[in-house]
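Report on the structure given below.
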Amino acid sequence: MLTNGLYPDAHVLPSVIKACAGLLVVKIGKQVHGFSLVSGLSLDPFVGSSLFHFYIKCDELVSAHKLFGNMVERDVVSWSALAAGYARKGDVVNAKKVFSGTESLGFEPNTVSWNGMIAGFNRSGCFMDAVLMFQQMHLHGFTFDGTSISSVLPAIGDLGYLNSGTQVHGYVIKTGFADDKCIISALIDMYGKCGCALEMSKVFEDRGQVDLGACNALIAGFSRHGLVDKALTVFKELQDQGVELNVVSWTSVIACCSQHGKDVEALDLFREMQAAGVKPNSMTIPCLLPACGNIAALMHGKAAHCFSLKMAISNEVYVGSALIDMYANCGKIQAARCCFDRMPAHNLVCWNAMLGAYAMHGRAKEAIEIFLWMQRSGQKPDAVSFTSLLSACSQSGLTKEGHHYFESMSRDHGIEARLEHYACMVSMLGRAGKLEEAYSIIKKMPFEPDACVWGALLSSCRLHHNMSLGEVAASKLFELEPRKPGNYILLSNIYASRGKWKEVDKVRDIMRNKGLRKNPGCSWIEVKNKVHMLLAGDKLFPQMAQILDRLSRLSMEMKKAGYSPNTDYVLQDVEEQEKEHILCGHSEKLAVVFGLLNTSQGSPLRVIKNLRICGDCHAVIKFISKFEGREILVRDTNRYHHFKDGHCTCGDYW
DNA sequence: CTAGGGTTAG
């Protein structure tokens, strides 16, 4: 229009502005605003009103409020929109102020105004305020319509208010809203969130017609209850029936898989989704990325990153946080930091993602830097932030800093230490060899220590060969987790390292009587875009002969360099020679050597292990990194080890 | 020729 020499008037501008609001294109909308100011058209009540609603829709409350003051016509519609806008932003004070101000100016809020407030509070997670609005709406003599009901139910579910939820359900049946699709989905969701799987399924079965929304809510509900197979069955049945699944259906089932250890399935579903012609959105990516991180499938993670770049969502808080997490999980701490730095704004989730990334890589200094920066920029930390911070201090042996932050938690931040914080402290002191101090922290805890806390003590006892405290921790763990093999293994490790073979046998007998077996060690490595799995002592692995050959040549080189195998890590009472042989079969060593054989010289290797890395393997991989000139990353259940030039970033301290 | 509210996925 402009290039054709036509000048927009007060009639066309509102349509343009409406389009900007619909597409959420803030920049263009602001340009149109500028144009209307220059041309004087902004004085037109229609133009002003549409600009105002544009800013509300784009969550630009400051601009909206400014405009609001200059508007000629301020009716109940605009007052309500402004109040709801503040509610959507989580600005409870301003939302309530504007909302009640509406009344005092002689405008009576109507049903739509009330509903807008409930929905707005929901969006910003102010569930209590949403429920309060619902109650007050009733007290003010309003009758609920379908929108009020479907808006309040998610809030009730998130708060876990089963009684209120059941009451609303009764109201729905009584007033004949039971045919409303949105309400049915919302009811299924509410019962799911309140932990009532039976009631949830009942609502689903009683519904009149097939509705995709209800199915999606059911899939999410099953997933929430850990009923993964049921969720997948519902999904597959819909597929078989030829139902056109939408982006929510796909995202729900992908989230279900990546949250329940079905990572490969999640990746496959993502591919299938694209083949089905359904476009992922900014919710799909954060659901998919954890699956990439869990199995360190870096190539898939990068592909998802590219997707988010193409969709221009890579800098959104949830997408960005999920990217940080994925890269950290894949060993790419620098890439994680890049994603963090590119984001224009950080919320608590982003800061915690970055803190967690540094903690996982044992980078305490960087974690502390992030923590200080976070506070400088006005973001208050929460309990999760402190878990990462303390864990980072513990990994790096920064006991002084760890103590400092542990004490500042409740003193300066009003956050009471939880079990996980105590576990960090115990492990921090324990690793540093201060086992008695760690034990006294446990004894002084204001609540019952859990398995994580005792586990931290037992691991430390293993590290420092402390039998007496190890026995105390182990006996607690045998009560709390009688069926977890790892605890028995740790205790017998301690006995074995002291040559107490009778005790080793005793523990082994207990395990045998309980029918428990040592979890087999298992490592993964990605070579040429394919993930390979190696089991400890895996005799059937195709290249095993070559791997063992290379390994024995390496160990000859190591012995020349003065290395002696650390046979502490062998549980059996066998000859030294045999012990060395057992150590050779550890899966992380096998995976590293497999990587050496199948990648070009000098390229880095990334290995993931299902258990903690063994001390002997740690020493061997350090040697390999120097001798072969390779950077080697090993992620165990606890953290990343980054081997380079014969050293590890953990400083042999884990 | 302009303007307000709903479910299910993080």
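The values are calculated or read from the model by the stated rules, or taken from the named source; none is laboratory data. Quick caveat, the model's predicted, so the values are computed rather than measured. FYI the Cβ positions are ideal-geometry reconstructions off the backbone, even for glycines, and counts take in every protein chain you see.
For the reader, a short list of remarks on this structure follows.
- Sole exception among (1) more than 8 Å from DNA strand B (Cβ to nearest atom); (2) farther than 18 Å from A:Asn246 by Cα for A:Ile183, by number: (1)
- Members of the stretch A:186-240 that are more than 10 Å from DNA strand B (Cβ to nearest atom), small (Gly, Ala, Ser) and surrounded by fewer than 24 Cβ atoms within 10 Å (Cβ to Cβ): A:Gly195, A:Ala197, A:Ser201, A:Gly208, A:Gly226
- Selection from the stretch A:45-77 of residues that are over 18 Å from A:Ser104 (Cα atoms) and near DNA strand B (Cβ under 9 Å from one of its atoms): A:Pro45, A:Phe46, A:Val47, A:Gly48, A:Ser49, A:Ser50, A:Phe52, A:His53, A:Phe54, A:Ile56, A:Lys57
- Tabulated pairs, the stretch A:443-461, first closer than 18 Å to A:Gly433 by Cβ, second basic (Lys, Arg) and not in a helix (DSSP H, G or I), C-beta under 6 angstrom, 6+ apart or interchain: none
- Candidates A:Ala312, A:Ala297: the one that is modelled with pLDDT under 95 and closer than 14 Å to A:Met326 by Cα is A:Ala297.
- Of all residues making up the stretch A:309-322, the number that are within 14 Å of DNA strand B (Cβ to nearest atom) and either over 21 Å from A:Ser252 (Cβ atoms) or surrounded by fewer than 23 Cβ atoms within 10 Å (Cβ to Cβ) (or both): 9
- Selected residue (criterion: nearest to the chain's Cα centre (by Cα)) from residues of the stretch A:325-344 that are within 13 Å of DNA strand B (Cβ to nearest atom) and under 23 Å from A:Cys256 (Cα atoms): A:Asp325
- Scanning the stretch A:257-280 for residues that are within 12 Å of DNA strand B (Cβ to nearest atom) and within 16 Å of A:Leu212 (Cβ to Cβ) yields a total of 2.
- Helices (runs of 4 or more DSSP H) (entirely within the stretch A:329-421) containing at least 1 residues that are touching a helix residue (DSSP H, G or I) at 6+ places or on another chain (Cβ under 6 Å) and under 24 Å from A:Gly125 (Cα atoms): A:333-342, A:348-360, A:364-376, A:383-396
- Conditions (1) away from DNA strand B (no atom under 13 Å from the Cβ); (2) modelled with pLDDT of 90 or more; (3) polar (S, T, N, Q): number failed by A:Ser80: (1)
- Within the stretch A:309-319, one or more residues are under 19 Å from A:Thr284 (Cβ atoms), among the β-branched types (Val, Ile, Thr) and outside any helix (DSSP H, G or I).
- Test for A:Asp91: is it near DNA strand B (Cβ under 8 Å from one of its atoms), among the charged types (D, E, K, R) and without any contact (Cβ under 8 Å) to a residue 60 or more places away in the chain: no
- The single condition among (1) among the hydrophobic types (A, V, I, L, M, F, W, C); (2) farther than 27 Å from A:Ser124 by Cβ; (3) within 14 Å of DNA strand B (Cβ to nearest atom) that A:Ile156 does not satisfy is (2).
Conditions (1) assigned to a helix (DSSP H, G or I); (2) not assigned by TED's automatic domain parsing to the domain that holds A:Val593, marked per residue:
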{"site": "A:Ala456", "(1), (2)": "yes, yes"}
{"site": "A:Ser460", "(1), (2)": "yes, yes"}
{"site": "A:Ser475", "(1), (2)": "yes, yes"}
{"site": "A:Asp509", "(1), (2)": "yes, yes"}
{"site": "A:Arg512", "(1), (2)": "yes, yes"}
{"site": "A:Leu534", "(1), (2)": "no, no"}
{"site": "A:Gln546", "(1), (2)": "yes, no"}
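- Qualifying residue in the stretch A:125-143 (condition: of a type in the set (A, V, I, L, M, F, W, C), modelled with pLDDT under 95 and near DNA strand B (Cβ under 9 Å from one of its atoms)): no
- Residues of the stretch A:549-560 that are over 28 Å from A:Ile494 (Cα atoms) and either touching a residue at least 24 places away in the same chain (Cβ under 8 Å) or hydroxyl-bearing (Ser, Thr, Tyr) (or both): A:Arg550, A:Leu554, A:Glu557.
- Of A:Phe46, A:Phe142, A:Phe134, A:Phe99, all but one fail to be farther than 19 Å from A:Ser15 by Cα and in contact (Cβ under 8 Å) with a residue 24 or more places away in the chain; the exception is A:Phe142.
- Condition check for A:Gln395 on (1) at pLDDT 95 or above; (2) within 26 Å of A:Arg606 (Cβ to Cβ); (3) crowded, with 18+ Cβ neighbours inside 10 Å: one failure, at (1).
- Pairs where the first residue, in the stretch A:108-119, is closer than 12 Å to A:Asp75 by Cα and the second is more than 8 Å from DNA strand B (Cβ to nearest atom) and assigned to a helix (DSSP H, G or I), C-beta under 6 Å, 6+ apart: A:Pro109/A:Thr102
- Of the helices (runs of 4 or more DSSP H) lying entirely inside the stretch A:13-115, the ones with 1 or more residues being farther than 29 Å from A:Gln136 by Cα are found at A:13-23, A:26-39, A:45-57, A:61-70.
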